[in-house]
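First comes the structure, then the notes that go with it.
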């Protein structure tokens with residue numbers, strides 16, 4: 001009989017208390033969901049998420065629906081001004097693209113400063129920090145591309161490059177800085 005009494009007590013608890021607990025849990029979850037959704041909408045519109053979370057708790061379900069349709073996407077004035085300052089306005093015609101484009105567009109044409117070829121430029125590229133020889137390079141001199149295996153020396157007015165000739169022999173060339181049009185590392 002004792003087992004039967006325990007079963008009756010359990011069924012009375014299930015019949016009376018469990019539905020009420022379930023209802024309370026659902027109400028609490030909807031209440032928290034409302035605050036979280038309001039905070040998410042507020043944050044996506046660049047507003048304070050904490051403030052909208054509180055309003056979502058005060059007016060559950062209704063407040064998130066209202067701000068979803070009524071709140072606009074405003075950008076604060078400071079950010080809008082900062083974004084406008086970052087925009088680069090380029091003057092002149094757009095660069096030529098396609099078959100009519102020149103084979104090599106200089107950095108000056110793109111609005112970027114061209115590299116200054118001088119003694120310091122080539123000394124920095126001749127060897128690395130450990131003293132190892134760097135190379136090979138592609139050097140454009142008076143419209144002709146040369147493959148330089150290494151930079152032998154950089155002097156005040158000329159750079160001395162080691163190139164490999166067609167016969168496989170290495171040669172050194174003295175190239176004045178003002179005749180160099182482009183310089184590219186092939187590594």
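Just a few scattered comments:
- Region 169-178: number of residues that are exposed (fewer than 12 other Cβ atoms within 10 Å of the Cβ) and either touching a helix residue (DSSP H, G or I) at 6+ places or on another chain (Cβ under 9 Å) or not in a strand (DSSP E or B) (or both): 2
- Selection over region 18-48 of residues that are surrounded by fewer than 18 Cβ atoms within 10 Å (Cβ to Cβ) and part of a helix (DSSP H, G or I) gives a count of 20.
- Tally, over region 49-75, of residues that are at negative phi and not in a helix (DSSP H, G or I): 7
- In region 61-81, the residues that are under 12 Å from residue 37 (Cα atoms) and not assigned by TED's automatic domain parsing to the domain that holds residue 47 never reach a residue that is in a helix (DSSP H, G or I) and at pLDDT below 90 with C-beta atoms less than 9 angstrom apart, at least six apart or across chains.
- Of everything in region 161-171 that is modelled with pLDDT under 90 and in contact with a strand residue (DSSP E or B) (Cβ under 8 Å, 6 or more places away or on another chain), the residue that is nearest to residue 118 (Cα to Cα) is 163.
- Qualifying position, being crowded, with 17+ Cβ neighbours inside 10 Å, out of contact with any helix residue (DSSP H, G or I) (no Cβ under 6 Å at 6 or more places or on another chain) and either at pLDDT below 90 or over 19 Å from residue 187 (Cβ atoms) (or both), among 141, 158: 158
- Matching option when the condition is out of contact with any helix residue (DSSP H, G or I) (no Cβ under 9 Å at 6 or more places or on another chain) and free of Cβ contacts under 8 Å to residues at least 40 places away in the same chain, among 129, 186: 129
- Condition check for residue 135: surrounded by 11 or more Cβ atoms within 10 Å (Cβ to Cβ), in a loop (DSSP other than H, G, I, E, B), at pLDDT 65 or above and within 32 Å of the chain's Cα centre (by Cα): yes
- The set of residues in region 32-49 being within 27 Å of the chain's Cα centre (by Cα) and either outside the structural domain of residue 66 (by TED's automatic domain parsing) or over 16 Å from residue 66 (Cβ atoms) (or both) consists of 43, 46, 48, 49.
The values are calculated or read from the model by the stated rules, or taken from the named source; none is laboratory data. Computed from a prediction, not measured in an experiment: that's the story for all the values here. Because the Cβ atoms are built from the backbone with ideal geometry, glycine has one as well, and the counts that use them run over all protein chains shown.
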